[in-house]
Structures are given as C-alpha cells and as structure tokens.
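The structure appears right after this line, and notes come after that.
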C-alpha cells in the first residue's frame, strides 16, 4: 500500500458471516457486519467465495438473521458454509453521508497533529459504545485516538491523512 493515497478497497467487502446452519431446509444463521442490513432482502444478491447467490428469504433472529440462499437446500449444504463470509463487490457500496467513511478508507492513513507532527498510520479501528477509536502505529508504539470532533479536525482521503488536535493527556 502506498501511503499518501486513499487505500484501494478490497474487491469484495464483507456484509455478513455465516454462523451456523438453521433448520433442515438450507437456511443459515448470519451475523450481520454491515450498517445496511437491508442488503439481505429477498431478491438481493450476495456473494459466497465470489459466487453470486440470490437471497430467497430473510428474517430476524435476536442479533442475527436467518437467511435462505438460492441453491442451498439442505442442512448438509449449509454445514459446509459455517464460518464463511457473505460479501458484495465494492462497486455496490452505498454512498455514505458527508463526513462518514468506510473503515477501509481510513486504514493506512497517516495521522498528524495540527502542529504537523507525524504520529503514525491508522492500523485498525476499534468500535466502542460511544465512539470509534483509531489505533495508530508510530515510532513511539501504539496510540489510541478517539474519533470525536474535539480531537479529529479533518480527514482528507485525497492527501491520505487525518489531522488531530492533541488534547491534554492524549499523547502521554
């Protein structure tokens, strides 16, 4: 990956993970890993190992969904799918409102202070109850940057950087 440019998104992005078979008619229990669960509506397509499959039906089950995929018709078929990812091509990404970003767009961006000091690059994004936290790896090791307005001053995908205000105690 070349720093300073927007990282290229992977060809396919994960929207769900098959947790287990459900019932005997080929349904699967899916952990949703997208902010857009409507992707699992009937007649929509998802990909399993780059193979397109139509969703025949979908219903909620606690924090999961029970999904019936076309051509998957038995418990034997579904047992082989345990732990597999359901994906979509990056061309099918929904546009986000201004000021919101997909995680793959932020991973790899350099993080600098408003004074111009390079802190490192974002290696991971941790989701917490109140806000995301950017995990930044730099010369001094790992730094945790809360993704809040008081700290994150700008995100520039074209320049490949995030500017932060180093509030008191943040870099200690």
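Throughout, read-outs are computed from the coordinates displayed, never taken from laboratory work. Everything numeric here is computed off the predicted structure, so don't read it as measured data. Methodologically, a virtual Cβ is constructed for each residue, glycine included, from the backbone with ideal geometry; neighbour enumeration extends over all protein chains shown.
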Point to revise | Spread of Cα-to-Cα distances over 5 Å intervals beginning at zero, given as percent, for region 31-114 | key: 3, 11, 20, 23, 15, 11, 7, 5, 3, 2, 1, 0
**Study point:** Point-to-point label distance, residue 66-residue 159, nm (Cα→Cβ direction, 7 Å offset)
**Key:** 5.3
Review point. With each pseudo-label sitting 7 Å past Cα toward Cβ, what's the residue 20-residue 124 distance in nm, one decimal?
Key: 2.7
Review point. For the chain, what log10 I(q)/I(0) values come out of the Debye formula at q = 0.10, 0.14 1/Å, with one point per alpha carbon and no solvent?
Key: -0.50, -0.81
Point to revise | Mean-position separation - Cα centroids, region 108-127 and region 128-172, in angstrom | key: 6
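Over region 103-164, what portion of Cα pair distances is larger than 13 Å, expressed as a whole percent? Kindly include the intermediate steps, with their values, before the conclusion.
Working: 1101 of 1891 pairs.
Value for region 103-164 (Cα pairs over 13 Å): 58 percent.
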